[in-house]
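Take a look at the structure below.
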Amino acid sequence: MTPLLQVDGLTVVPRAAPERCLVSDVSFTLQPGKTTCVVGESGSGKSLTALAVMGLLSRQLQRTQGSIRFQGQELTTLDAEAMRRIRGRSIGMIFQEPMTSLNPVLTIGHQIGEPLSVHLGLRGRALQARVAGLLQQVGIPPERANSYPDELSGGQRQRVMIAMSIACEPAMLIADEPTTALDVTVQAQILRLLDELKTRMNMGMLFITHDFGVVADIADDVVVMFRGEVVEYGSVDQVLNRPQHPYTKALLACVPDADGKKPLLPIDYAWLEQQPATTAASPQHSMSEPA
Amino acid sequence: MMTSPILTARNLVKTYTQRSGKFGLGSHSFRALDEVSISLSAGSTLAVVGESGSGKSTLARCLLQLLPLDSGEVLFEGRNLATLSSAALRQERRNLQMVFQDPFASLNPRMKIGEIVAEGLLIHGMGNADERRERVLQMLKRVGLQEADMQKYPHQFSGGQRQRIGIARALVLQPKVVVCDEPVSALDVSIQAQILLLLKDLQQEMALSYVFISHDLRVVRHIADEVVVMHQGKVVEQGAVEAIYAAPQHAYTQNLLNSIPGRRAAAA
Ligand SMILES: Nc1ncnc2c1ncn2[C@@H]1O[C@H](COP(=O)(O)OP(=O)(O)O)[C@@H](O)[C@H]1O
Ligand SMILES: Nc1ncnc2c1ncn2[C@@H]1O[C@H](COP(=O)(O)OP(=O)(O)O)[C@@H](O)[C@H]1O
Ligand SMILES: [Mg+2]
Ligand SMILES: [Mg+2]
């Protein structure tokens with residue numbers, strides 16, 4: 001089966017300092033209907049990886065190497081217009097801060113409807129019906145379509161973002177820390193919602209987080225990043241329960257468990273530097289697993 | 001580990017007036033703290049958990065008399081802080097210190113670290129210049145910073161280091177009670193683990209009592225002896241942390257605990 005997304009050897013550098021790799025030789029695969037989590041500490045290159053996949057790197061940055069294939073199609077050679085079409089239509093995106101990504105002077109109904117009219121050409125009643133359906137799907141009463149973003153809670157705004165990102169029923173959703181700013185109970189609802197949508201629409205999810213608890217809840221496969229590199233890549237069970245790389249082990253030892261049984265062990269970076277770098281598992285791994 | 005309470009709050013009420021209406025012309029008042037009572041045992045850690053807006057930071061500031069209460073009282077070692085003279089209250093403030101979530105916002109960007117940590121000693125007239133310098137140096141070393149750092153400014157430090165500075169500033173006065181408002185919420189887990197262990201060690205060494213405010217129930221499980229669950233300005237449940245995590249009584253607490261990420265997988 002063709003993977004939904006195949007990233008191979010992705011490398012991102014600042015144009016001003018091309019010797020400094022911010023993302024270095026990153027490879028992983030995502031299958032339809034599955035979730036791959038990218039996890040790591042802040043600055044490890046998670047967001048840049050996501051932005052590179054979407055072709056949204058800022059001008060100061062440059063992808064110097066690597067192939068990004070989406071449904072078998074190479075994205076890195078597409079022109080800006082073709083890329084824009086794919087982004088709105090086949091790849092949905094959600095970011096951490098729902099307030100900064102929503103336009104405060106437009107109703108949420110209008111904003112959810114925009115990708116539907118741009119990409120699917122929907123108008124009038126058909127459009128309204130679709131918007132109402134989407135709001136319902138994300139658990140917001142359809143009559144709230146006429147509300148403005150600041151009339152909604154943080155959790156509701158994030159649901160609006162999700163409604164916008166899945167409006168065109170994308171084959172893949174890229175979510176960069178979509179629940180980090182939310183309360184835990186709201187986070188739990190949003191994660192359940194995303195999981196449900198993924199299953200119902202057979203959507204693949206590239207989910208970025210720094211929270212191993214979230215990883216445990218939603219991931220099929222896990223990519224662990226450290227200083228721009230993938231240090232470990234495997235199934236969620238393998239990475240969380242049988243980590244191979246010293247960094248993954250050290251990072252997991254820092255995470256407090258909900259039962260308070262495990263002692264916390266901070267990372268000894270000096271020790272870590274001396275460990276032989278175990279190579280990351282190959283991207284073949286998750287392809288060999290039954291999808 | 002039940003000892004006498006060092007800090008007790010009884011029936012705290014705090015109302016805020018908020019603007020309302022489309023143009024903010026109307027106003028209404030609401031209770032950010034609604035008859036909140038807590039009790040901190042000497043040498044222990046009392047966690048205050050709850051979602052954003054539940055009143056945790058308001059409670060922190062009311063406990064330290066940084067915000068006026070509408071009603072209720074705060075007793076430190078049995079004395080009602082509201083009835084102390086301003087001179088006596090200033091004296092007690094030395095014993096009641098605070099560590100903030102965002103150490104950057106709470107550190108004066110134009111002051112050197114040595115000055116920031118020494119400020120409290122100066123205000124409380126503790127020691128001469130040499131003694132103060134020595135105490136600041138020892139405290140900075142204890143939290144993992146170096147002598148040369150005294151000459152640097154806040155922006156020259158990482159988030160974790162800034163939290164160490166915030167801790168040094170609070171602890172250099174050798175307080176008895178430290179109120180920590182989300183002290184590790186902005187930090188990566190690796191840094192968070194370092195700071196949590198540091199706080200635990202310092203508690204032992206300096207016989208500190210902590211009020212530890214957090215929205216992260218995994219962190220709370222790790223650090224607290226007792227826990228207070230707040231919801232919309234009210235305490236809905238309180239007790240020993242093991243008991244509450246094992247058998248939460250209130251529906252809100254149950255929902256909160258069931259929402260902890262990774263719990264489902266851990267239980268499986
Ligand atoms: N425009 C840029 N120019 C130079 N460095 C950048 C730029 N954007 C991000 N970086 C750096 O790249 C690294 C990875 O960033 P990012 O992918 O945002 O990390 P994460 O999402 O894992 O926290 C960080 O060290 C960050 O400072
Ligand atoms: N200075 C203020 N004026 C008006 N309302 C406030 C003020 N400070 C906090 N609030 C409100 O009081 C409630 C409790 O806030 P806070 O104590 O900061 O909660 P928490 O720390 O649990 O997130 C919130 O609804 C908040 O919006
Ligand atoms: Mg990021
Ligand atoms: Mg707060």
**Item:** Among (1) surrounded by fewer than 17 Cβ atoms within 10 Å (Cβ to Cβ); (2) at positive phi - the single one B:Arg110 does not satisfy
**Value:** (2)
**Request:** May I ask you to say which residue of A:Leu56, A:Leu30, A:Leu51 is within 15 Å of ligand 1 (Cβ to nearest atom) and either in contact with a Leu (Cβ under 9 Å, 6 or more places away or on another chain) or within 14 Å of another protein chain (Cβ to nearest Cβ) (or both)?
**Result:** A:Leu51
**Message:** I'm checking my understanding of the structure. Among residues of the range B:185-203 that are more than 23 Å from A:Leu272 (Cα to Cα) and at pLDDT below 95, which one is surrounded by the most Cβ atoms within 10 Å (Cβ to Cβ)?
**Reply:** B:Ala186
**Message:** Residues to consider are B:Ser29, B:Ser71; find the one that is more than 14 Å from ligand 2 (Cβ to nearest atom), among the polar types (S, T, N, Q) and surrounded by fewer than 17 Cβ atoms within 10 Å (Cβ to Cβ).
**Reply:** B:Ser71
**Request:** Kindly indicate whether any position in the range B:235-243 is without any contact (Cβ under 8 Å) to a residue 40 or more places away in the chain and facing chain A (nearest Cβ under 9 Å).
**Result:** yes
**Item:** Residue check for A:Leu78: in contact with a helix residue (DSSP H, G or I) (Cβ under 6 Å, 6 or more places away or on another chain) and aliphatic (A, V, I, L, M)
**Value:** no
**Prompt:** Of B:Gly26, B:Gly55, B:Gly50, which residue is in contact with a Leu (Cβ under 6 Å, 6 or more places away or on another chain) and either more than 14 Å from chain A (Cβ to nearest Cβ) or away from ligand 1 (no atom under 16 Å from the Cβ) (or both)?
**Reply:** B:Gly55
**Request:** Might you let me know whether the range A:146-161 holds any residue that is of a type in the set (Lys, Arg) and more than 16 Å from the chain's Cα centre (by Cα)?
**Result:** yes
**Qualifying residue in the range A:62-81 (condition: polar (S, T, N, Q), more than 29 Å from A:Ser235 (Cα to Cα) and in contact with a Lys or Arg (Cβ under 8 Å, 6 or more places away or on another chain))** = yes
**Prompt:** Of the residues that make up the range B:247-261, is at least one out of contact with any His (no Cβ under 9 Å at 6 or more places or on another chain), more than 9 Å from chain A (Cβ to nearest Cβ) and buried (at least 18 other Cβ atoms within 10 Å of the Cβ)?
**Reply:** yes
**helices (runs of 4 or more DSSP H) lying entirely in the range A:124-236 (those with 1 or more residues that are surrounded by fewer than 19 Cβ atoms within 10 Å (Cβ to Cβ))** = A:124-137, A:154-166, A:184-201
**Message:** Six or more apart or on different chains, Cβ atoms under 9 Å: show the pairs whose first residue is in the range B:202-224 and farther than 16 Å from B:Leu63 by Cα and away from chain A (no Cβ under 14 Å) and whose second is among the hydrophobic types (A, V, I, L, M, F, W, C) and assigned to a loop (DSSP other than H, G, I, E, B).
**Reply:** B:Leu202/B:Val143; B:Leu202/B:Leu208; B:Ala207/B:Ala42
**Fill in**
From the option list B:Leu196, B:Leu173, single residue qualifying as within 14 Å of chain A (Cβ to nearest Cβ) and away from ligand 2 (no atom under 16 Å from the Cβ) is B:Leu196
**Request:** Tell me which of these B:Gln101 doesn't satisfy, since it passes every other one: (1) at pLDDT below 90; (2) of a type in the set (S, T, N, Q); (3) within 16 Å of ligand 2 (Cβ to nearest atom); (4) farther than 20 Å from B:Leu187 by Cβ.
**Result:** (4)
**Request:** Find the strands (runs of 3 or more DSSP E) located wholly in the range B:1-77 whose residues include 1 or more that are at positive phi, and list them.
**Result:** B:5-20, B:26-41, B:71-76
**Message:** Being more than 22 Å from B:Gly239 (Cβ to Cβ) and either more than 16 Å from ligand 3 (Cβ to nearest atom) or of a type in the set (D, E, K, R) (or both) is true for just one of B:Leu66, B:Leu75. Which residue is that?
**Reply:** B:Leu66
**Request:** State the number of residues belonging to the range B:78-94 that are assigned to a strand (DSSP E or B) and of a type in the set (D, E, K, R).
**Result:** 1
**Message:** Suppose we filter the range B:143-163 for residues that are basic (Lys, Arg) and modelled with pLDDT under 95; how many remain?
**Reply:** 1
**Counted residues, the range B:13-37 - those being within 16 Å of ligand 4 (Cβ to nearest atom) and closer than 30 Å to B:Gln203 by Cβ** = 4
**Request:** Please state which one of A:Ile112, A:Ile108, A:Ile86 is closer than 30 Å to A:Met1 by Cα and touching a Leu at 6+ places or on another chain (Cβ under 9 Å).
**Result:** A:Ile86
**Fill in**
Here the residues within the range B:225-234 that are crowded, with 24+ Cβ neighbours inside 10 Å and within 12 Å of chain A (Cβ to nearest Cβ) are B:Val227
**Request:** Specify the residue that is farthest from B:Asp34 (Cα to Cα); the eligible residues are those in the range B:83-102 that are surrounded by fewer than 14 Cβ atoms within 10 Å (Cβ to Cβ) and in contact with a strand residue (DSSP E or B) (Cβ under 9 Å, 6 or more places away or on another chain).
**Result:** B:Ala88
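The values are calculated or read from the model by the stated rules, or taken from the named source; none is laboratory data. Keep in mind that this is a model prediction, so the values were computed, not measured. Note: ideal-geometry Cβ built from the backbone for every residue, glycine included; neighbour counts use all protein chains shown.
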